[in-house]
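Enquirer: I have a structure here, written as structure tokens, and I will follow up with some questions on it.
The values are calculated or read from the model by the stated rules, or taken from the named source; none is laboratory data. Values in this document were obtained by computation on a predicted structure and should not be read as measured data. In this analysis, Cβ positions are derived from the backbone assuming ideal geometry, glycine residues included, and neighbour counts consider all displayed protein chains. Remember, those area values only see protein heavy atoms, side chains included, never the ligands or the DNA or RNA. Shrake-Rupley method; radii C 1.70, N 1.55, O 1.52, S 1.80 Å.
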Amino acid sequence: MYRDNTKVVKIGNRVIGGGNPILIQSMTNTHTEDVDATVAQIKELTKAGCEIIRCTVPTKEAALAIKEIKKQIEIPLVADIHFDYKMAIMAMENGADKIRINPGNIGGTDKIKAVVDVAKERNIPIRVGVNSGSLEKDLIEKYGGVTAEGIVESALDKVKIIEDLGYDNLVVSIKSSDVMMCVKAHELIAKQTNHPLHVGITESGTIFSGSIKSSIGLGLILNQGIGDTIRVSLTDDPVREVEAARLILRTLGLRKGGIEVVSCPTCGRTRINLIDLAGKVEKMVSEYDLDLKLAVMGCVVNGPGEAKGADLGIAGGDGCGVLIKHGEIIKKVPEEELLDTLRYELDNWNE
């Protein structure tokens, strides 16, 4: 398993690599200069399960804001840098736990060295990020277009620049919006480096298309033992990114904890507004830190049998419903009391 053999990298109060748990990342969409708004969003993301947060640092004001933001949050902060090497230095000086750069777009070797020197002095990890959209022209010509091989070569070239400067406290990120290209690139790079890998499908889209593309891509990558941190990139509230990431890790058996909700797809036997009910249940269970499977079924005919694999469940009838525990019907209640009945069971869960 590749992730078991990657280097261990310390990011603030967390560690990645070397077989440590895969951590969930997201990125704020506030103006980093707005400390109150940024802190509020980070706290909301932390509550949802985010373990590393990235903030863009395009200006001096944003870099300076990191110091105040850091005082009010509990998870490591990564400064996202584009083009201006001075912002990378200032971000580190103001408490960033890690910086994300593309050495190819922040200037010559002297500017890269200036950044590396500060990182080395403070032992701050550098995430070397390369996207398919920023692939160099010579590599596009070499490989006849944007390819997985080109992305990998570009990333390893950037890694070598920093390693040649005497620093190897690195995390590598290679992303593409082309799912299968991204998968292939990770398969290739995992054989050529032992730096921890941050994985994700970039620009994956809205909550619907983005979740599907990310689930397929991340599922294929993670299931091969590749990847030390992940981000699900969605055009939506960043909290949705964290929720999707948690479910992907749980589905792959890479993360425990949290209530897994399973629900039937409805059919002609359904006599309850199951779609609405399942949505309410999914929202409700997010408040609980329990490790169990919960079934929401649409009829009392097959519901109990189909819910046998769940720890707890409800099934709807015609104006009524049943509570199911470990495959057995415990009680029958009016439809309008199903949610409250379920909440009571969760509040008093001890099995």
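Enquirer: Name the strands (runs of 3 or more DSSP E) wholly inside segment 67-136 in which the number of residues that are within 23 Å of the chain's Cα centre (by Cα) and among the basic types (Lys, Arg) is 2 or more.
Expert: Result: 98-101.
Enquirer: Would you mind stating whether ALA63 is among the small types (Gly, Ala, Ser) and surrounded by 16 or more Cβ atoms within 10 Å (Cβ to Cβ)?
Expert: For ALA63, the condition - among the small types (Gly, Ala, Ser) and surrounded by 16 or more Cβ atoms within 10 Å (Cβ to Cβ) - is met.
Enquirer: Which ones in segment 159-178 are open to solvent by 10 Å² or more (accessible area, probe 1.4 Å), in contact with a helix residue (DSSP H, G or I) (Cβ under 6 Å, 6 or more places away or on another chain) and either free of Cβ contacts under 8 Å to residues at least 40 places away in the same chain or within 21 Å of ILE16 (Cα to Cα) (or both)?
Expert: Within segment 159-178, TYR167 is the sole residue that qualifies.
Enquirer: Further, regarding this structure: Mind listing just one residue for me: the one in segment 195-231 that is over 25 Å from ASN20 (Cβ atoms) and in a loop (DSSP other than H, G, I, E, B) and, of those, least open to solvent (accessible area, probe 1.4 Å)?
Expert: Here the answer is SER204.
Enquirer: While we're looking at this one, here's another question. Would you check which residues across segment 1-34 are buried (at least 19 other Cβ atoms within 10 Å of the Cβ), outside any loop (DSSP other than H, G, I, E, B) and among the β-branched types (Val, Ile, Thr) and list them?
Expert: Scanning segment 1-34 gives VAL9, ILE11, ILE16, ILE24.
Enquirer: Same structure again: When the residues of segment 332-342 are filtered to those that are open to solvent by less than 90 Å² (accessible area, probe 1.4 Å) and among the charged types (D, E, K, R), which remaining residue is modelled with the lowest pLDDT?
Expert: GLU335
Enquirer: Okay, moving on. Please go through segment 317-331 and pick out each residue that is open to solvent by less than 90 Å² (accessible area, probe 1.4 Å) and touching a helix residue (DSSP H, G or I) at 6+ places or on another chain (Cβ under 6 Å).
Expert: If the condition is that a residue be open to solvent by less than 90 Å² (accessible area, probe 1.4 Å) and touching a helix residue (DSSP H, G or I) at 6+ places or on another chain (Cβ under 6 Å), then GLY319, CYS320, GLY321, LEU323, ILE324 are the ones that fit.
Enquirer: Let me ask something additional. When VAL261 is evaluated against the numbered criteria (1) of a type outside the set (Asp, Glu); (2) without any contact (Cβ under 8 Å) to a residue 24 or more places away in the chain; (3) part of a strand (DSSP E or B), which criterion, by number, is the only one it fails?
Expert: For VAL261, the failing item is (2).
Enquirer: Out of curiosity, is LEU170 within 19 Å of ILE24 (Cα to Cα), in contact with a Pro (Cβ under 8 Å, 6 or more places away or on another chain) and of a type in the set (A, V, I, L, M)? Give the derivation first.
Expert: On the way: within 19 Å of ILE24 (Cα to Cα): yes; in contact with a Pro (Cβ under 8 Å, 6 or more places away or on another chain): yes; of a type in the set (A, V, I, L, M): yes.
Here the answer is yes, as LEU170 does meet what is asked.
Enquirer: Right, another one. I'm checking my understanding of the structure. Among residues of segment 237-272 that are of a type in the set (Asp, Glu) and either open to solvent by less than 50 Å² (accessible area, probe 1.4 Å) or touching a Leu at 6+ places or on another chain (Cβ under 8 Å) (or both), which one is nearest to LEU312 (Cα to Cα)?
Expert: So the residue we want is GLU260.
Enquirer: If you don't mind, another one. Report, by residue number, each residue of segment 267-286 that is within 24 Å of GLU243 (Cα to Cα) and among the hydroxyl-bearing types (Ser, Thr, Tyr).
Expert: SER286
Enquirer: Look at segment 87-141 and say how many of its residues are open to solvent by less than 60 Å² (accessible area, probe 1.4 Å), of a type in the set (Asp, Glu) and under 20 Å from ALA63 (Cβ atoms).
Expert: The qualifying residues number 1.
Enquirer: Is it fair to say VAL115 is within 28 Å of SER26 (Cβ to Cβ) and touching a strand residue (DSSP E or B) at 6+ places or on another chain (Cβ under 6 Å)?
Expert: The answer is no for VAL115.
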